[in-house]
Every structure is written in C-alpha cells, then in structure tokens.
1. If each residue's Cβ is checked for other Cβ atoms within 10 Å, how do B:29, B:35 rank with the fewest at the top?
2. Please report the spacing between the Cα centers of the stretch B:87-156 and the stretch B:8-40 in Å, no decimals.
3. For the stretch B:109-114, take each phi angle, set θ = phi - 60°, evaluate the Karplus expression 6.51 cos²θ - 1.76 cosθ + 1.60, and give the result in whole Hz per residue in order, putting x for glycine and proline.
4. Would you mind getting me the FRET efficiency between residue B:45 and residue B:154? Use the beta-carbon distance for r and R0 = 51 Å, nearest 0.05.
5. Can you tally the net charge around residue B:118? Count Lys and Arg as +1, Asp and Glu as -1, for every other residue whose Cβ sits under 10 Å from the Cβ of residue B:118.
6. Can you flag which of A:124/B:55; A:74/B:55; B:50/B:128; B:55/B:127 are past 22 Å Cα-Cα?
7. Report, to one decimal in Å, the Kirkwood hydrodynamic radius for the protein assembly as shown based on all distinct Cα pairs.
8. If you project the alpha carbons of the stretch B:3-150 onto their three principal axes, what span does each projection cover, largest first, in Å?
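Derivation of every value follows stated rules applied to the coordinates shown; laboratory data play no part. All of these numbers come straight from a predicted model, not from anything done at the bench. We place every Cβ from the backbone using ideal geometry, glycine too, and count neighbours over all the protein chains shown.
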Amino acid sequence: MVKVSSTVRMILKPVLTRFPILRQVDANMISGLSLAFTPIAYLLLSERAIIASIITIFLVLLLDALDGIVARAKGQTSSEDGWMVDVSVDRISEAIISLALSRVFILLTILNMGLALLSCHYEKHAIIPLRQATLLILIAYYLLQSQPTFFILDQILFHW
Amino acid sequence: MNTLGHVFFANLLLVFGAPSILSPTTLIVTSIASVITDLDHIAHLRTAIKTHRFKSETRTRWHELPGLLLAMIISTIIMLFSAPLGRSLLIGFVSHYFLDLLTRPTRPFYPFSERVVFLGLAPRNLKKLTAYDTVLTVIMGVILIASLHGQGIINS
C-alpha cells in the first residue's frame, strides 16, 4: 500500500506542477465527488445493470482512495479530519447503495454505521469494507450467471 | 439543501430506483421522511432568521450519523411488516443525510466529535448558495414532475 501511494504521489507531483488549477482541487472535494457518484450506482443496481454498476462502484472506490493520496501529496495531513471525512462519506455512500439491495445489506450497513460511531468514541478503527465486498459479490454474480450458485447470490443480493 | 430540494431528490430516488413500490402513499411517506430530520432546526429558527442560514451547530445528534443509524433501524423494522412503506421511509431518510453531507457543513460524529466536515461541492457564500440550491431544486423538480406525469401518477 505504501509503495502504491508513493508511486501515485510520484505521478501526481509533476501533474500538480504542470496544471496549477489542479492544486485548487481539495481532497474533500474528491471525497464529495465519490459520494456524488453513488446514487448512479444505486439507480444502475435497481435496474440490474450489473456491469455498469460494477464500473460505477469501482469509480466510487477509486475516487475514495484518491482523496487520501491527494491530501498527502498536497501536504494536508490532519489525520483526524481526513478520517472523519472518509468515514462519514463511506457510511452515507454505503447507505445509498444498500437502498437497491436486500435487507441483508441494509443490516450490514446499520452494523457498519454503529461500528463507525464506536470507532470514533473509542478511537479504535473497526469497520467492514462493505462497498468492496459488494463489488466482489457483484463481479461473482456477473461471472456465475450460468452456474447453480447464481441463485444463491441473487437471493443474497436482491431478495433476502 | 432546502426543504423542497430534499423532497424532490428523495422522490427522484424512489421514482427511478424503486418503481415497483411507487404509489401516492409511498411518495407521501418518502416526502415526509426526507424532511422530518430538519425538525430539530425549529429550536434555532429565530437565530436563522437573523443570519439567513442554519449553522452546523444547530444540528442535533438526530441530524447526524447517530440519527441516520436510528432512522435506518426504524425503517428496517417497519420493512418487516410492510416492505414498500419501510423502503420508502429508508429512501427519504438516507437521501436527506446524503444531500446535507454533500452540500452543507455538518458534524457527522456529533456528539462523539464536534469537528465540522465540509466537502466543498457547494458554495459557502450565502448568495451563491441560494442560487446553487435554487437551480438544483428547479432541475430536480422539473425531472420529478415530468417522470410522475409520464407514469400517470399526476395528470395535466
């Protein structure tokens, strides 16, 4: 992870120097963009447009990862502020995505929100990577469409 | 976001994301759920009239993540008895927190932390913010009315 972020920082630095307007892009703004894309994922999931929703959730996660890297590249290093933006955006983003999914995912979202509040209270980080798990399940759902296990995934994702 | 913006956005999520449960009842339930969170502003109405805005300090714990957690638990319990009612409630509640986090300074972890989070996707200047809110509300309103008209829920 350290290697990845240092590589991205190496790529970002010359880009930020060449295009000074990009320096005005705040890390929080990237988190905001990541959140703003989530209703699209919700609408695509509701329509069962699996490939499109996989791409959108991937984009949401990519932007979510990018904000931390940009913050470090620009020297915005208040970790508590960053944590708060990250976690609150993640929880609301999960809640929006869960609207299109089964009650299992809604319950997991509730559990994750509770864990986030406890993490803040006890200053110990314990959160389920729910959107990443959803992305993996969606990929499996798409790949296993002709398999007998598809029925189980369909039930877990959209019906339970 | 303003009250009308919350109602329009929540109903857009209902119309396009959950057409199978779309009915006048679910539209009303979603509308109520999308604005009920703002009730805690009433206590700060006098200050807001003077300053023309509700500051993040006027938001109680029920207007932040603890409130969303409670709202989601209530909606999920209602979903066990009536799935359309529970789901439309959930859409209304979640959309409110989504729009607020996106466009306003909030304290998501209040009362555990008083740190203010602002994502910077909306202007902070009052005049610009009013214009931003108005444009978004009108766009959402037009799309919602057109789609409800198209589905025959409202007639001309």
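1. Working: B:29 24, B:35 16.
Ascending number of Cβ neighbours within 10 Å: B:35, B:29.
2. 12
3. 9, 4, x, 6, 8, 9
4. Values: r = 32 Å, r/R0 = 0.62.
Computed FRET efficiency for residue B:45 and residue B:154 comes out at 0.95.
5. Values: positive: B:104, B:124; negative: A:26.
Net local charge, residue B:118 excluded: +1.
6. Numbers: A:124/B:55 29 Å; A:74/B:55 29 Å; B:50/B:128 18 Å; B:55/B:127 15 Å.
Flagged as over cut-off: A:124/B:55; A:74/B:55.
7. Numbers: mean 1/r = 0.0487 Å⁻¹.
It is 20.5 Å.
8. Computed over the stretch B:3-150, the largest-to-smallest principal extents equal 41, 34, 27 Å.
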